[in-house]
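Working notes for the structure below.
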(Lines give C-alpha, C1' and ligand atoms only; values in the text may rest on other atoms or scores of the structure.)
Protein backbone atom coordinates (compact mmCIF):
# COMPACT_ATOMS: atom_id res chain seq x y z
CA UNK A 1 0.00 0.00 0.00
CA UNK A 2 2.81 2.42 0.87
CA UNK A 3 4.49 1.85 -2.51
CA UNK A 4 1.34 2.93 -4.39
CA UNK A 5 1.13 6.15 -2.41
CA UNK A 6 4.75 6.96 -3.19
CA UNK A 7 4.31 6.23 -6.90
CA UNK A 8 1.12 8.31 -7.04
CA UNK A 9 2.88 11.21 -5.34
CA UNK A 10 5.86 10.99 -7.68
CA UNK A 11 3.55 10.97 -10.71
CA UNK A 12 1.70 14.08 -9.61
CA UNK A 13 5.02 15.82 -8.82
CA UNK A 14 6.36 15.06 -12.31
CA UNK A 15 3.17 16.34 -13.94
CA UNK A 16 3.34 19.56 -11.92
CA UNK A 17 7.01 20.10 -12.75
CA UNK A 18 6.32 19.61 -16.46
CA UNK A 19 3.53 22.18 -16.46
CA UNK A 20 5.64 24.80 -14.68
CA UNK A 21 8.40 24.88 -17.34
CA UNK A 22 8.07 28.02 -19.46
CA UNK A 23 7.67 27.57 -23.20
CA UNK A 24 10.11 29.50 -25.43
CA UNK A 25 8.81 32.72 -26.91
CA UNK A 26 8.55 32.42 -30.68
CA UNK A 27 8.12 35.63 -32.63
CA UNK A 28 5.17 35.67 -34.95
CA UNK A 29 4.96 37.43 -38.29
CA UNK A 30 7.68 39.00 -40.38
CA UNK A 31 10.33 41.58 -39.57
CA UNK A 32 11.19 44.28 -42.09
CA UNK A 33 14.72 45.66 -41.71
CA UNK A 34 16.54 48.43 -43.57
CA UNK A 35 20.17 48.08 -44.58
CA UNK A 36 21.86 51.34 -45.50
CA UNK A 37 25.07 51.02 -47.48
CA UNK A 38 27.65 53.61 -48.44
CA UNK A 39 27.96 52.28 -51.98
CA UNK A 40 26.08 53.55 -55.00
CA UNK A 41 23.46 51.26 -56.47
CA UNK A 42 24.86 48.96 -59.12
CA UNK A 43 28.51 49.22 -58.06
CA UNK A 44 30.25 45.94 -58.92
CA UNK A 45 30.95 43.64 -56.00
CA UNK A 46 29.86 45.69 -53.03
CA UNK A 47 26.25 46.43 -54.00
CA UNK A 48 25.59 42.94 -55.32
CA UNK A 49 27.03 41.41 -52.15
CA UNK A 50 24.70 43.51 -49.99
CA UNK A 51 21.70 42.42 -52.05
CA UNK A 52 22.87 38.80 -51.92
CA UNK A 53 23.18 38.99 -48.12
CA UNK A 54 19.62 40.30 -47.84
CA UNK A 55 18.37 37.48 -50.06
CA UNK A 56 20.33 34.85 -48.09
CA UNK A 57 18.83 36.04 -44.80
CA UNK A 58 15.33 35.95 -46.30
CA UNK A 59 15.88 32.43 -47.61
CA UNK A 60 17.43 31.16 -44.37
CA UNK A 61 14.55 32.47 -42.25
CA UNK A 62 11.82 31.33 -44.60
CA UNK A 63 10.85 34.92 -45.39
CA UNK A 64 10.30 35.90 -41.75
CA UNK A 65 13.12 38.48 -41.91
CA UNK A 66 13.19 40.74 -44.95
CA UNK A 67 16.01 43.21 -45.50
CA UNK A 68 15.55 46.17 -47.82
CA UNK A 69 18.90 47.44 -49.15
CA UNK A 70 19.35 51.18 -49.73
CA UNK A 71 22.19 52.74 -51.77
CA UNK A 72 24.37 55.65 -50.78
CA UNK A 73 22.50 58.90 -50.60
CA UNK A 74 19.13 57.38 -49.72
CA UNK A 75 19.55 58.10 -45.99
CA UNK A 76 23.19 59.10 -45.56
CA UNK A 77 25.79 60.55 -47.98
CA UNK A 78 28.24 58.26 -49.74
CA UNK A 79 31.50 57.41 -47.98
CA UNK A 80 33.54 58.28 -51.06
CA UNK A 81 31.88 60.96 -53.17
CA UNK A 82 32.21 60.43 -56.92
CA UNK A 83 35.23 62.07 -58.55
CA UNK A 84 34.51 65.34 -60.36
CA UNK A 85 35.43 65.35 -64.03
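How many residues does the stretch 42-85 contain that are assigned to a loop (DSSP other than H, G, I, E, B), modelled with pLDDT of 85 or more and touching a helix residue (DSSP H, G or I) at 6+ places or on another chain (Cβ under 9 Å)?
Matching residues across the stretch 42-85 total 2.
Test residue 8 against the criterion of being in a loop (DSSP other than H, G, I, E, B) and modelled with pLDDT under 65, and give yes or no.
no
The values are calculated or read from the model by the stated rules, or taken from the named source; none is laboratory data. As the structure is a computational prediction, the values presented were derived from the model and not from experiment. No Cβ is skipped: glycine too gets one built from the backbone with ideal geometry, and neighbour counts run over all protein chains shown.
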